[in-house]
Every structure is written in C-alpha cells, then in structure tokens.
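**Q** Below: one structure in structure tokens.
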Amino acid sequence: MVESEKTETVLKGIGGSPGICIGKAYIVDREGVDLIKRYPISLERVPAEINRFKNAVKVAKDGHSAVIESLGTDLSDQLGILETHLALFKDKMLYGKTIETIKTDMINAEWALKKVSHEIKSMFMKFNDEYLKSRVMDIMQVSEQVMRHLVGAQDIKIADINKRVILVAHDLSPADTSQIQLEHIKGFVTDRGGKDSHTGIIAKSLAIPAVMGLDNATQLVENDDILIVDGSSGILIINPEEDTLFSYEERRAAYEAQQASLARDSHLPAVTLDGVRFTLMANMEMVEEVVSVRDNDAKGVGLFRTEFLYLYLKRFPSEDELFEKYKEVVELLTPMPVTFRTLDINGDKVLPYMKTIEEENPALGLRAVRFCLQRPEIFITQIKAVFRAAAFGKAKLLIPMISCVEEIIQVREVIEKAVQELKGENKIFNRDIPLGIMIEVPSAVIIAEDLADYVDFFSIGTNDLIQYSMAIDRRNRQVAHLYHPMCPALIRMVKMVVDAAGKKNIDVAMCGEMAGDPFNLPVLMGLGLTELSMNPMSIPRINQMVRRLNAHDTEEFTKNVLNIGRAVDIVAMVRENYGDILDK
Ligand code: PEP
Ligand code: MG
C-alpha cells in the first residue's frame with residue numbers, strides 16, 4: 001500500500017474525458033459551507049460571536065464592493081445584480097435575524113446564519129412569484145459569501161493553482177474548466193456532471209482525463225491522497241495499492257503509445273477502403289486550441305463554440321474584441337474553414353455578468369438563438385464580427401437551437417441589419433459565407449426540409465438532440481445510463497436529416513460528441529454522413545477507422561440497423577460486425 005493507514009477505494013463514475021492520470025488530490029472545496037456544525041455558546045461568549053459575524057459580513061461586503069469598483073461602467077446588468085447584493089449584506093431579515101438568533105438560541109454564528117437562511121428560503125419559496133424566488137436566490141448567495149468568511153473557506157481560483165495536481169470538486173462549471181492551466185492540472189474528478197456535459201467537452205479538448213458524476217468523491221478524498229483517474233472507463237481509484245498503481249502505470253504508457261502511433265498516421269487522407277472521402281473537422285472553444293486543430297490534422301473547424309470568449313470576460317465583448325479574436329483564428333487556419341456558431345448561452349452556460357433569468361428549466365428556456373433574438377444588439381455585434389473576420393479567410397456562420405422556420409427567418413433579418421450597419425460604417429467585411437443551422441431539437445428534424453430552404457448547411461448536434469428527444473438532461477448523472485447515441489430513435493432522426501439535406505441539395509455534417517466515438521462510425525457512415533466534426537484529439541482515431549471501413553458495407557449494415565428497436569441490440573450488432581476493426 002502507498003500509505004499504510006489508507007485503503008484503496010474504487011469509485012465508478014462517468015468517463016468525461018479519456019486518458020489516465022496519476023497524481024495527488026487537490027480539493028476545490030466550494031461545498032465546505034454546507035458542512036458546518038452547530039455548537040452552543042455561553043452567555044459571555046454571545047457578544048464576541050456577534051462581532052465575529054459582523055466582521056465576516058464586513059469582509060464579505062468589502063470584497064464585494066471591490067469587485068463592483070473593478071467593473072467598467074457599461075456593465076449595467078452585472079452592476080445591477082452586484083449592487084442589489086451589496087444592499088442585502090445588511091438586510092434586516094438576514095443580518096438582523098442572524099444576530100438575534102445568536103443571542104436567543106446561544107449558538108455559533110455559522111449555525112445561526114444557516115438557520116436564518118433556511119427560514120428565509122422556505123418562506124419565500126412558498127410563494128409562486130418569480131420575483132420573490134429570484135430575490136431569495138440573491139439572499140442565499142449573499143449568505144453563502146458571508147458563510148465562506150465565517151468558516152474561513154478560501155475561494156480557490158482554479159487559474160491560480162500552481163502544483164501538478166488532480167482537481168477534486170463537487171462540480172466545475174464550463175467557465176471553471178476553461179481556466180485550467182494545463183501545466184498544472186493533470187486531470188479532474190467531480191461529484192456532479194453527466195454525459196456530454198460542456199465541462200466534459202472542455203476537458204476533452206484540453207486532453208486531460210476526467211471522471212464525473214462520482215456522487216461523493218469530495219467526501220471520500222482528502223488533500224494529497226494519491227489518485228488514479230481513468231477517464232476512459234470512468235473510474236477513480238483513491239489511495240491505490242502498489243499492484244494497482246503498477247498496472248495503471250502500464251496502462252497509461254500503453255494509452256500514450258497508442259495515441260502517439262495514431263498521431264503518426266493522422267496526416268493520411270480519411271478515405272474508406274472503397275474510396276469515399278471523409279472531411280474530419282474539429283470542434284473548438286478557445287483560440288489556443290488552434291494548435292490542437294492543426295496538430296491533429298483537422299480539415300477545418302466544424303464547430304467553434306463562441307460562448308467561451310464571453311464566459312472569460314467580465315462583460316459582453318465589443319465588436320472589435322470579437323473581430324480581433326475571430327480574425328486571429330481564421331488567419332491561423334486559412335485556407336481551412338472556421339464555422340462560427342453564434343452565442344449559445346443559458347442552458348448550462350450562464351454568463352456571470354448577466355442578470356440571471358429565473359428559469360425552472362433552463363435547457364428549455366431562453367437559450368442560444370432564442371436569447372440572441374431577444375437581445376438583437378448582442379447578436380448583431382457578433383454577426384458583424386464574424387463577417388469582418390470572414391474578409392481575412394474562410395468562415396461559416398452556424399446558428400444553434402433553431403426549432404422552427406420563423407426563427408431562421410428572423411435570424412436572416414438580423415443578418416441583413418448587421419450587413420446594413422457594416423456598410424454604413426464603411427468596414428471591410430464578407431457576408432458571402434455559408435449560413436447553417438444546428439439540428440439539435442427534435443422539431444427541427446421533423447421540419448428539416450422546410451428549414452433547408454433558408455440555409456446552406458445543417459450540422460447535427462447530437463448532444464442536445466439526445467437530450468431533447470429522449471428527455472435526458474445531459475448534465476444529470478441520474479439519467480446518464482439512458483443517454484446513448486446508438487439508440488434507434490436517434491439513428492432514425494439522423495437519417496431523416498441526412499435525407500432532407502440530400503433532397504434539398506444542401507450540405508450536412510455532424511458535430512455532436514457522437515461523431516468522435518469510433519464505435520458509432522459504421523452507423524454514421526452507413527447513414528451517408530461524410531463530414532464529421534469532433535474534439536481534435538479524436539480525429540486521428542476516427543481517421544484510422546475511416547481508412548479501415550468500406551462505405552458500401554456500412555450502408556448495407558445500417559439498413560438492418562434501422563429496423564432494430566432496441567439500443568442494446570444495435571450495440572451488439574456493431575460489436576459483432578465491427579468488433580475486430582474497433583479492437584485492432
Ligand atoms: C450539440 O448539442 O450536439 C452540440 C454540438 O452543441 P453543444 O454541445 O455546444 O450544445
Ligand atoms: Mg447543442
């Protein structure tokens with residue numbers, strides 16, 4: 001054993017990003033505030049306890065004011081929220097009541113604050129009023145800030161971690177994950193998170209192993225415990241025994257050797273045995289990933305998730321800021337195309353500086369193009385930046401989450417406005433770039449032929465198409481077992497989209513995570529897809545698989561698959577027919 005008093009513990013979660021890493025644990029304790037204890041205090045201790053509480057409020061409030069001061073003046077949304085919070089620090093309900101509870105119950109300040117917060121929460125939640133509900137969220141956030149100072153919990157900034165560690169967190173948001181410094185973070189594990197969540201997608205693009213949905217890893221792991229993270233099979237091993245450690249060292253070496261050998265052949269053309277040429281594109285989120293796009297021999301960017309630039313900043317970026325970034329990407333990749341997907345926020349990617357919209361079901365709410373159409377000034381700014389960048393290389397414009405024809409008509413109207421503005425401002429731009437939509441909502445599948453009349457290409461977003469068609473929250477580990485791309489409903493929907501695009505003579509690609517998994521390739525090839533966009537790291541392996549398959553055979557095979565009603569049977573058929581090629 002590595003440490004005599006600690007025993008090996010194996011936890012099974014969800015593989016968020018493949019690969020194996022071994023290292024020391026570093027706990028990002030954002031949940032510490034929930035684990036507080038109640039203890040009685042003596043009468044003499046009451047004034048000191050109240051002072052301790054007042055002090056924590058002061059420090060939290062000062063910190064908060066400093067944040068407000070550091071913001072620019074044009075951030076009215078963000079400032080509004082922060083200023084509301086500032087007032088809440090001294091809110092009678094929270095502040096006054098906590099002091100009173102310390103006195104009357106003679107208990108510690110943490111417990112008093114927790115008790116009062118709970119009372120406020122249950123009182124407000126009784127009302128079916130969105131305003132009151134959002135106000136209670138504000139109070140809870142302020143209470144948490146004070147609690148953090150009371151318990152002495154540090155607000156760990158992921159970007160500041162400077163040791164080679166494995167992060168252990170209750171949850172990491174996509175914004176947290178995008179702050180990871182590759183030279184320091186070997187991998188991460190989280191209690192929460194499900195299949196194809198954006199957090200996992202970023203981990204994959206950073207090429208760091210990750211296991212998510214572990215439930216209670218933060219409770220079982222201690223700082224500096226030795227961890228093995230096997231992101232390929234979704235396993236976390238805490239304090240491994242020597243034999244386990246040894247065997248995983250070997251597996252890690254084998255995995256790395258396999259990756260290296262794939263990389264060697266990745267420049268070979270992705271052509272099937274019977275001569276069908278594939279276009280393997282990359283999905284990317286951050287400008288820095290251009291290196292990985294090139295290294296993995298992508299033929300361009302099939303999906304640039306532009307929201308991460310917005311997540312990074314403390315405010316909405318300006319047209320010039322966006323333009324500079326987009327131009328950089330387009331120029332670095334020229335003559336390859338870069339497909340800019342317009343802002344897909346809300347859902348699971350909430351901009352910290354935007355007034356939170358209280359939504360019961362954010363995934364079904366004001367997300368992506370719905371948000372952009374409601375805030376045309378933000379949408380126009382982005383479209384203008386893309387058109388300006390398009391003058392410096394090859395770009396495409398992709399609109400997420402279209403669910404009806406009306407939306408794409410409105411988008412085209414916004415595009416016209418953007419063009420008029422650019423003309424009026426005498427800016428150099430190129431608006432003659434392909435316009436596409438993501439097909440990621442079931443209604444879009446059904447009316448694909450109608451939508452095709454308004455666009456040049458479709459890109460099938462299976463991450464959301466699975467989520468929305470099967471009613472499976474992609475972030476919820478409780479339903480992750482149901483989330484399977486090889487299910488008959490999804491396969492038949494993909495066929496409908498490919499057929500609609502064929503009939504209307506427009507291009508069709510797939511950019512969901514499904515496209516990067518070699519297991520799915522025989523069926524996708526059999527359905528007639530030849531353009532796939534994926535995490536750049538997945539390209540060499542998919543390229544190798546393309547070269548090993550015969551497109552005509554996969555077409556015949558897929559005809560049979562389309563008659564099958566159960567996902568398990570389809571999986572078994574793929575294994576039986578293509579297991580040898582997959583395992584080679
Ligand atoms: C998808 O939904 O499949 C997709 C590619 O977009 P995102 O994962 O960003 O929602
Ligand atoms: Mg999507």
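The values are calculated or read from the model by the stated rules, or taken from the named source; none is laboratory data. All values reported here derive from a predicted model rather than from experimental measurement. Ideal geometry is used to build each Cβ from the backbone, glycine not excepted, and the neighbour counts take in all protein chains shown. Surface areas here come from the heavy atoms of the whole protein model, side chains and all, with no ligands, DNA or RNA. Shrake-Rupley method; radii C 1.70, N 1.55, O 1.52, S 1.80 Å.
Residue-wise test of (1) surrounded by 14 or more Cβ atoms within 10 Å (Cβ to Cβ); (2) modelled with pLDDT under 90; (3) closer than 30 Å to V189 by Cα.
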| residue | (1), (2), (3) |
| --- | --- |
| C21 | yes, no, yes |
| A25 | yes, no, yes |
| L35 | no, yes, yes |
| I41 | yes, no, no |
| V46 | yes, no, no |
| F53 | yes, no, no |
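**Q** For segment 311-332, how many residues are under 17 Å from the mean Cα position of the chain (by Cα), farther than 19 Å from L398 by Cβ and hydrophobic (A, V, I, L, M, F, W, C)?
**A** In the first step, residues of segment 311-332 are kept if they are under 17 Å from the mean Cα position of the chain (by Cα); the result is 311-313.
From what is left, the residues that are farther than 19 Å from L398 by Cβ are 312-313.
With the extra rule that they be hydrophobic (A, V, I, L, M, F, W, C), the set shrinks to 313.
Looking only at that region, the number is 1.
**Q** Going residue by residue through segment 220-232, is there one that turns out to be farther than 20 Å from V10 by Cβ, open to solvent by less than 10 Å² (accessible area, probe 1.4 Å) and among the hydrophobic types (A, V, I, L, M, F, W, C)?
**A** Looking for residues that are farther than 20 Å from V10 by Cβ, open to solvent by less than 10 Å² (accessible area, probe 1.4 Å) and among the hydrophobic types (A, V, I, L, M, F, W, C), one finds none in segment 220-232, hence no.
**Q** I'd like to know if segment 352-369 contains one or more residues that are more than 16 Å from ligand 2 (Cβ to nearest atom), modelled with pLDDT of 95 or more and in the same structural domain as M401 (by TED's automatic domain parsing). Steps first, please.
**A** Going residue by residue through segment 352-369, those that are more than 16 Å from ligand 2 (Cβ to nearest atom) are 352-360.
Subset that is modelled with pLDDT of 95 or more: none.
No; the residues of segment 352-369 include none that is more than 16 Å from ligand 2 (Cβ to nearest atom), modelled with pLDDT of 95 or more and in the same structural domain as M401 (by TED's automatic domain parsing).
**Q** Can you name every residue in segment 276-291 that is more than 20 Å from M545 (Cα to Cα) and of a type outside the set (D, E)? Don't jump to the end; show me each part of the working.
**A** In the first step, residues of segment 276-291 are kept if they are more than 20 Å from M545 (Cα to Cα); the result is 284-291.
Within segment 276-291, M284, M286, V287, V290, V291 meet the criteria.
**Q** Going through V338, V369 one at a time, which residue ends up being in contact with a Pro (Cβ under 7 Å, 6 or more places away or on another chain), of a type in the set (V, I, T) and surrounded by 18 or more Cβ atoms within 10 Å (Cβ to Cβ)? Walk me through it before giving the result.
**A** Details: V338 fails: in contact with a Pro (Cβ under 7 Å, 6 or more places away or on another chain).
Residue meeting the stated conditions: V369.
**Q** Hey, another quick one. Go over the candidates L273, L311 one by one and state the one that is out of contact with any strand residue (DSSP E or B) (no Cβ under 8 Å at 6 or more places or on another chain), in contact (Cβ under 8 Å) with a residue 12 or more places away in the chain and either assigned to a loop (DSSP other than H, G, I, E, B) or within 16 Å of ligand 1 (Cβ to nearest atom) (or both).
**A** Details: L311 fails: out of contact with any strand residue (DSSP E or B) (no Cβ under 8 Å at 6 or more places or on another chain).
Going through L273, L311 in turn, just one is out of contact with any strand residue (DSSP E or B) (no Cβ under 8 Å at 6 or more places or on another chain), in contact (Cβ under 8 Å) with a residue 12 or more places away in the chain and either assigned to a loop (DSSP other than H, G, I, E, B) or within 16 Å of ligand 1 (Cβ to nearest atom) (or both): L273.
**Q** Turning to a different aspect of this structure: Just for segment 561-577: of the residues that are aliphatic (A, V, I, L, M) and assigned to a helix (DSSP H, G or I), which one is surrounded by the fewest Cβ atoms within 10 Å (Cβ to Cβ)? It would help to see each step written out before you state the result.
**A** Taking segment 561-577 as the starting set, the residues that turn out to be aliphatic (A, V, I, L, M) are 561-562, 564, 567-568, 570-574.
Of the ones still in play, those that are also assigned to a helix (DSSP H, G or I) are 561, 567-568, 570-574.
Working: V561: 22, A567: 17, V568: 11, I570: 22, V571: 15, A572: 14, M573: 18, V574: 19.
Across segment 561-577, the extreme among qualifying residues is V568.
**Q** Would you point out the residue of segment 141-161, among those that are closer than 15 Å to A87 by Cβ and either open to solvent by less than 40 Å² (accessible area, probe 1.4 Å) or not assigned by TED's automatic domain parsing to the domain that holds I99 (or both), that is modelled with the lowest pLDDT? Give the steps one after another, and end with the answer.
**A** Step one: list which residues in segment 141-161 are closer than 15 Å to A87 by Cβ, which gives 141-143, 145-146.
Pick out the ones that are also either open to solvent by less than 40 Å² (accessible area, probe 1.4 Å) or not assigned by TED's automatic domain parsing to the domain that holds I99 (or both) and you get 142-143, 146.
On the way: V142: 78, S143: 83, V146: 86.
The extreme case among them is V142.
**Q** Turning to a different aspect of this structure: Name the residue, out of I447, I428, that is touching a Cys at 6+ places or on another chain (Cβ under 8 Å), in contact (Cβ under 8 Å) with a residue 12 or more places away in the chain and over 30 Å from R192 (Cβ atoms).
**A** Values: I428 fails: touching a Cys at 6+ places or on another chain (Cβ under 8 Å).
It is I447.
**Q** V445 - would you say it is within 16 Å of ligand 2 (Cβ to nearest atom) and open to solvent by less than 10 Å² (accessible area, probe 1.4 Å)? Let's see the steps before the verdict.
**A** Working: within 16 Å of ligand 2 (Cβ to nearest atom): yes; open to solvent by less than 10 Å² (accessible area, probe 1.4 Å): yes.
Considered against the rule, which asks whether it is within 16 Å of ligand 2 (Cβ to nearest atom) and open to solvent by less than 10 Å² (accessible area, probe 1.4 Å), V445 comes out as yes.
**Q** Let me ask something else. Would you be able to say whether some residue in segment 342-362 is touching a residue at least 40 places away in the same chain (Cβ under 8 Å) and touching a strand residue (DSSP E or B) at 6+ places or on another chain (Cβ under 8 Å)?
**A** Yes.
**Q** For segment 96-115, how many residues meet the condition of being more than 36 Å from the chain's Cα centre (by Cα) and not polar (S, T, N, Q)?
**A** 11
**Q** From the set of residues in segment 480-495 that are open to solvent by 40 Å² or more (accessible area, probe 1.4 Å) and hydrophobic (A, V, I, L, M, F, W, C), which is modelled with the lowest pLDDT? Spell out how you get there, then give the answer.
**A** So the first thing to find is which residues in segment 480-495 are open to solvent by 40 Å² or more (accessible area, probe 1.4 Å), and the list is 481-482, 484, 489, 492, 495.
So of that shortlist, the ones also hydrophobic (A, V, I, L, M, F, W, C) come out as 482, 489.
Working: L482: 86, A489: 97.
Looking at the filtered set, the residue picked out is L482.
**Q** Another question about this same structure. Pick out the one residue from H484, H552 that is over 27 Å from L333 (Cα atoms) and either more than 16 Å from ligand 1 (Cβ to nearest atom) or not assigned by TED's automatic domain parsing to the domain that holds S459 (or both).
**A** H552
**Q** Mind checking whether some residue in segment 496-511 is within 18 Å of the chain's Cα centre (by Cα) and either surrounded by fewer than 18 Cβ atoms within 10 Å (Cβ to Cβ) or within 16 Å of ligand 1 (Cβ to nearest atom) (or both)? Full working, then the answer.
**A** Initially, segment 496-511 is screened for residues within 18 Å of the chain's Cα centre (by Cα), giving 510-511.
Applying the additional criterion that residues be either surrounded by fewer than 18 Cβ atoms within 10 Å (Cβ to Cβ) or within 16 Å of ligand 1 (Cβ to nearest atom) (or both) yields 510-511.
Checking segment 496-511: at least one residue is within 18 Å of the chain's Cα centre (by Cα) and either surrounded by fewer than 18 Cβ atoms within 10 Å (Cβ to Cβ) or within 16 Å of ligand 1 (Cβ to nearest atom) (or both).
**Q** Follow-up. Just name the residue that is nearest to ligand 2 (Cβ to nearest atom) out of those in segment 402-426 that are open to solvent by less than 60 Å² (accessible area, probe 1.4 Å) and farther than 17 Å from D453 by Cα.
**A** V414
**Q** Quick check on segment 458-477. Is at least one of its residues over 30 Å from H170 (Cβ atoms), over 19 Å from the mean Cα position of the chain (by Cα), away from ligand 1 (no atom under 16 Å from the Cβ) and at pLDDT 95 or above?
**A** No: zero hits.
**Q** Something else now. With (1) under 21 Å from R164 (Cα atoms); (2) surrounded by fewer than 23 Cβ atoms within 10 Å (Cβ to Cβ) as the list, and A263 as the residue in question, which single condition is left unmet?
**A** (1)
**Q** Next question, about the same structure. If I go through segment 383-401 residue by residue, how many of them are open to solvent by 10 Å² or more (accessible area, probe 1.4 Å) and without any contact (Cβ under 8 Å) to a residue 60 or more places away in the chain?
**A** 1
**Q** Suppose we keep only residues that are modelled with pLDDT of 80 or more, β-branched (V, I, T) and buried (at least 24 other Cβ atoms within 10 Å of the Cβ) within segment 186-207. Which one would you say is nearest to ligand 1 (Cβ to nearest atom)?
**A** T190
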